[in-house]
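Let me begin by presenting the structure, written as structure tokens, before commenting on it.
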Amino acid sequence: MGPVTAGVLQLLALMGALALIHIPLGTGMARVCSSRRHLRVETWIYRGIGADPDAEMTWPAYLRAVTTAPGGPHADGPPGPLGRRSGKAYVNDRRTDPVTTRVTLIAPATTPSLRRARFDDGDSLDDAGVARAMAAAGHVPAAGQVLASPSTRCRETASALGLDATGTAELAGLDVGRWRGRALADVGGAEPAALARWLADPDAAPHGGTSVRDLCERVARWLERCGHAGGRTVAVVEPEVVRAVVVHVLHVPAAAFWRLDVPPLTATEVTGRSGRWNLRLGHPLGSTSAH
């Protein structure tokens, strides 16, 4: 048999084999790509590498999966659902079975203070803010824990959204001390140096209230506790709290705090677990519901 004939026969054999397996192969690939069900062995593998099969694969998650896979360069847990560390067997080690946490942060609706660029003095929502919040009531995801900043506007926004929220002191906004209720322009005219320092230095508190850094640290501690607990949390919070969460999740300097814009009735979502968070930036509540 000549080389040309042998080559033709090999090609025909390959085509025949593909013809025989293309239907079961295609069916299997379709199941893998479209089905949300996971085989038991797949579930074990996901747990072993610390991956969430139902979450969007991000670059950090991909790198984590690669580097913690069995035999990976940074594998510090058991090499699979049944592994060994220091001569002891670990079955479904909880340290490799992450608990996913979802935290949805909703900024309050509009108030007269907000419209007039005035530091919040505890005023209620205006009519337009109440109407918008009530219209968005059906777009808030169900949650096991519903919280709110203790301010009037956050509690009223939660009520207008149909939420039975628990006021939480940890989620309080910035205490601006003697500037409370004053217009930003008035403070800038009377104390320009103090206002400039407050906006530039996260450790400054010339008003006698809370510094930006103190707020960021308080909110970060709260978020990390949520990360350990798992589950879904919805919180109607002051815009400063949303900024503090973004600063913590992205590990950006606290000096970037005032560069983050948080419009009224927008939802910002963080997912993951303590120390490892993904961020979904704020969107108008009701346009695309958080999920």
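Each reported figure results from applying straightforward, stated rules to the coordinates on display, with no laboratory input. Everything numeric in this text was worked out from a predicted model, so none of it was measured. Heads up, the Cβs are rebuilt from the backbone with ideal geometry, glycines too, and the neighbour counts pull from every protein chain shown.
Arrange the peptides 197-206, 6-15, 230-239 so that the one whose residues have, on average, the most other Cβ atoms within 10 Å appears first. Walk me through the intermediate numbers first.
Details: 197-206: 16.3, 6-15: 10.2, 230-239: 22.6.
Highest mean packing first, the order is 230-239, 197-206, 6-15.
Based on the alpha-carbon gyration tensor of region 164-287 and its eigenvalue square roots a ≥ b ≥ c, which shape applies: rounded if a/c is under 1.5, prolate if not and a/b is larger than b/c, or oblate?
Working: a/c = 1.96, a/b = 1.75, b/c = 1.12.
Prolate, since a/c reaches 1.5 and a/b exceeds b/c.
Whole-Hz ³J(HN,Hα) for each residue in region 11-20, computed from phi via Karplus 6.51 cos²θ - 1.76 cosθ + 1.60 with θ = phi - 60°, x for glycine and proline: what do you get?
Taking θ as phi minus 60°, the curve returns 5, 5, 5, 5, 5, x, 5, 5, 5, 6 Hz for region 11-20.
Quick one: Karplus J couplings for region 263-271, per residue in order, coefficients 6.51, -1.76, 1.60, θ = phi - 60°, nearest Hz, x for Gly and Pro?
Residue by residue, region 263-271 yields x, x, 6, 10, 10, 10, 10, 10, 10 Hz.
With the contact rule set at Cα under 8 Å and sequence spacing of 6 or more, what percent relative contact order holds for region 101-284?
The normalised contact order for region 101-284 reaches 31 percent.
Residues with amide H under 5 Å of residue 181's amide H, sequence separation 5 or more or different chain, H placed in the peptide plane at 1.01 Å from N; which?
Here 119, 120, 121 satisfy the definition.
Just to verify a number: FRET efficiency for residue 145 and residue 250, C-beta to C-beta distance, R0 = 25 Å, to 0.05? Don't skip to the answer; put the middle values down first.
Numbers: r = 23 Å, r/R0 = 0.94.
After rounding to 0.05, the efficiency reads 0.60.
Kindly rank 170-182, 110-122, 145-157 from highest to lowest mean number of other beta carbons found within 10 Å of each residue. Working shown, then result.
Values: 170-182: 18.2, 110-122: 16.3, 145-157: 22.3.
Top of the packing list down: 145-157, 170-182, 110-122.
Which FRET efficiency value, to the nearest 0.05, is calculated for residue 152 and residue 184 with the Förster distance at 30 angstrom and r the Cβ-Cβ distance?
Working: r = 20 Å, r/R0 = 0.65.
For residue 152 and residue 184, the calculated efficiency is 0.95.
Measuring from label point to label point, each 7 Å out along Cα→Cβ, what is the residue 121 to residue 18 span in nm?
So the two model labels end up 7.7 nm from each other.
Could you derive backbone 3J(HN,Hα) for region 173-187 from the dihedral phi with the Karplus parameters 6.51, -1.76 and 1.60 (θ = phi - 60°), listing whole Hz in sequence and x where the residue is Gly or Pro?
Per-residue couplings from phi come out as x, 5, 8, 9, x, 6, 7, 4, x, 8, 6, 4, 5, 5, 5 Hz.
Would you work out if region 109-229 is rounded, prolate or oblate? Take a ≥ b ≥ c from the square roots of the eigenvalues of the alpha-carbon gyration tensor; rounded if a/c is under 1.5, else prolate when a/b is larger than b/c, oblate otherwise. Kindly include the intermediate steps, with their values, before the conclusion.
On the way: a/c = 2.95, a/b = 1.35, b/c = 2.18.
Because a/c hits 1.5 or more and a/b fails to exceed b/c, region 109-229 counts as oblate.
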